[in-house]
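Below is one structure, written out as structure tokens; the observations come after it.
The values are calculated or read from the model by the stated rules, or taken from the named source; none is laboratory data. These numbers were taken from a predicted model, which means no experiment stands behind them. Glycine also receives a Cβ, built like all others from the backbone with ideal geometry; neighbour counts cover every protein chain displayed.
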Amino acid sequence: MKGPLSSLKILDFSTLLPGPFASLLLGDMGAEVLRIESPTRMDLLRVMPPHDGGASTAHAYLNRNKRSLALDLKRPEALEVVKQLLGDYDIVLEQFRPGVMERLGLGYEALKAINPRLIYVSITGYGQTGPYKDRAGHDINYLALSGVAAQTGRRDTGPLPLGVQVADIAGGSFHAVMGLLAAVIQRQQTGEGQYIDISMTDCAFSLHAMGGAGYLACGEEPQMESQTLNGGSFYDYYRSRDGRWLSVGSLEPQFMQQLCSALGRPELAARGLSRKPEDQAALKRELQIEFELRDFAEWCELFAGLDACVEPMLGLAEAIEHPQFKARELVVEVPREGLPAQRQIACPIKFSSGLPAPQHVGAPLGAHSEEVLHGLGYSTEQIATLKAAKVIA
């Protein structure tokens with residue numbers, strides 16, 4: 001089976017999380033992804049624990065279905081290989097700091113001269129322009145600068161380091177895929193490629209879909225626990241008697257009525273309509289008292305039969321076994337050479353025509369170097385020479 005993106009061929013120069021997650025999605029949907037990796041400066045994701053079968057599980061997941069060409073980009077022979085690949089691979093994804101690819105002779109203008117249809121996507125922390133363009137950063141920094149962290153947490157304890165990388169993935173990865181596919185559609189119409197500048201901080205900033213709109217139009221700046229959806233209302237988490245947590249999102253009156261009736265406090269439902277902070281704070285205290293009267297399992301059993309927007313907070317191990325995620329087939333078995341298949345998170349995008357089955361986990365460094373070069377017409381002797389000179393691995 002071929003996926004919907006089977007016509008796309010992508011050279012992926014990225015490492016760590018944002019770029020590889022983007023090309024993971026593209027590969028899952030059928031695109032052919034060739035990773036260009038340094039043989040001397042290893043992608044740190046390859047050594048990140050935990051390990052399974054001697055390989056990093058994060059690397060095995062984020063780089064499934066991709067081939068690996070180990071190429072020392074500082075060597076002119078490597079530059080020649082990339083130029084030849086551009087005859088077939090007309091999309092480039094890279095994640096270096098601004099100017100690095102240009103210094104290597106692999107910037108957009110240089111490669112566009114070889115293939116005018118080239119689509120070139122750069123993912124960086126702060127973008128290709130502005131005073132921060134050369135500054136180092138990580139997900140927590142992008143969320144802090146973009147104003148996201150300032151409204152995520154508790155007033156008395158401060159912002160929370162999130163368990164998933166929002167700026168990296170929701171910011172960098174998803175927007176890179178959207179921009180890339182939009183450019184593909186335009187290229188189909190015009191025949192021309194283009195350059196796409198993705199800043200993870202910009203994209204995190206754009207996630208202020210509600211609070212940002214309110215501030216820019218009305219001057220109402222969101223603070224921690226000040227909005228309906230960030231802890232400023234009863235829309236929150238509540239602890240059970242045995243120390244587990246349940247999420248309450250019963251915003252609409254019909255859901256609020258079911259919630260309060262299930263708690264044995266139907267008279268509380270009317271309070272959910274008030275927008276006064278003091279009324280919401282009082283309601284939250286009442287709800288917490290009620291939730292602490294029963295254990296987690298009791299609440300789960302009770303709310304399983306109600307449509308009240310109340311769900312248990314699950315750990316990852318519990319979520320994997322939940323019947324909803326099992327029905328959605330969100331765990332897939334991915335083949336490994338010489339080892340049993342590895343369980344991984346499946347592509348969450350469902351197509352009526354289906355998607356091709358995963359081919360393999362993330363490949364060893366340079367696993368496909370000879371195969372790729374043979375495909376370009378290099379002889380066995382030429383490949384041996386490049387290996388001896390450590391241009392490839």
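Assorted remarks:
- Look at (1) at pLDDT below 95; (2) in contact with a strand residue (DSSP E or B) (Cβ under 6 Å, 6 or more places away or on another chain); (3) of a type outside the set (Asp, Glu) and you find that Met1 fails only one, number (2).
- Only a single item in (1) surrounded by 15 or more Cβ atoms within 10 Å (Cβ to Cβ); (2) more than 30 Å from Asp168 (Cβ to Cβ); (3) at pLDDT 95 or above is not met by Met200, and it is number (2).
- Boolean, Lys350 is part of a helix (DSSP H, G or I), out of contact with any helix residue (DSSP H, G or I) (no Cβ under 7 Å at 6 or more places or on another chain) and not acidic (Asp, Glu): no
- Looking only at the stretch 365-390, and only at residues there that are assigned to a helix (DSSP H, G or I) and in contact (Cβ under 8 Å) with a residue 60 or more places away in the chain, the one that is farthest from Glu77 (Cα to Cα): Glu371
- Inter-residue pairs, beta-carbon under 6 Å, first among the acidic types (Asp, Glu) and surrounded by 14 or more Cβ atoms within 10 Å (Cβ to Cβ) and in the stretch 126-140, second in a loop (DSSP other than H, G, I, E, B) and at pLDDT 95 or above, 6+ apart: Asp139/Gln165
- Residues that are surrounded by fewer than 13 Cβ atoms within 10 Å (Cβ to Cβ) and more than 25 Å from Leu314 (Cβ to Cβ) occur in the stretch 265-274; there is at least one.
- Residue count for the stretch 10-66, restricted to those that are of a type in the set (Ser, Thr, Tyr) and assigned to a strand (DSSP E or B): 1.
- Taking the stretch 290-320 as the range and being exposed (fewer than 12 other Cβ atoms within 10 Å of the Cβ) and assigned to a helix (DSSP H, G or I) as the test, the residues that pass are Glu301, Ala304, Leu316, Ala317, Glu318.
- Being closer than 22 Å to Ile10 by Cβ, outside any helix (DSSP H, G or I) and touching a Gly at 6+ places or on another chain (Cβ under 9 Å) is a description that applies to Asp88.
- Residue count for the stretch 173-220 satisfying the condition of being free of Cβ contacts under 8 Å to residues at least 24 places away in the same chain and either touching a helix residue (DSSP H, G or I) at 6+ places or on another chain (Cβ under 6 Å) or basic (Lys, Arg) (or both): 1.
- Residue match in the stretch 328-343 (condition: in a helix (DSSP H, G or I) and among the charged types (D, E, K, R)): no
- Flag if Asp197 is over 30 Å from Asp279 (Cα atoms), of a type outside the set (Phe, Trp, Tyr) and in contact with an Asp or Glu (Cβ under 7 Å, 6 or more places away or on another chain): no
- Residue match in the stretch 277-287 (condition: small (Gly, Ala, Ser) and touching a residue at least 40 places away in the same chain (Cβ under 8 Å)): no
- Whichever residue in the stretch 191-213 is within 16 Å of the chain's Cα centre (by Cα) and small (Gly, Ala, Ser) and, among such residues, is nearest to Leu143 (Cα to Cα): Ala204
- Test for Pro116: is it without any contact (Cβ under 8 Å) to a residue 60 or more places away in the chain and assigned to a loop (DSSP other than H, G, I, E, B): no
- Residue ID - farthest from Asp197 (Cα to Cα), chosen from residues in the stretch 167-187 that are among the small types (Gly, Ala, Ser) and surrounded by fewer than 23 Cβ atoms within 10 Å (Cβ to Cβ): Ala170
- Restricting attention to the stretch 245-277 and to residues that are closer than 11 Å to Phe234 by Cα and out of contact with any helix residue (DSSP H, G or I) (no Cβ under 9 Å at 6 or more places or on another chain), the residue that is modelled with the lowest pLDDT turns out to be Arg275.
- Unique match (being within 24 Å of Gly211 (Cβ to Cβ), free of Cβ contacts under 8 Å to residues at least 40 places away in the same chain and surrounded by fewer than 20 Cβ atoms within 10 Å (Cβ to Cβ)) among Leu251, Leu229: Leu229
- Of all residues in the stretch 347-364 being under 20 Å from the mean Cα position of the chain (by Cα) and without any contact (Cβ under 8 Å) to a residue 60 or more places away in the chain, the one that is farthest from Leu34 (Cα to Cα): Lys350
- Residue list for the stretch 321-331, restricted to those being surrounded by 13 or more Cβ atoms within 10 Å (Cβ to Cβ) and either in contact with a Phe, Trp or Tyr (Cβ under 9 Å, 6 or more places away or on another chain) or among the charged types (D, E, K, R) (or both): Val331
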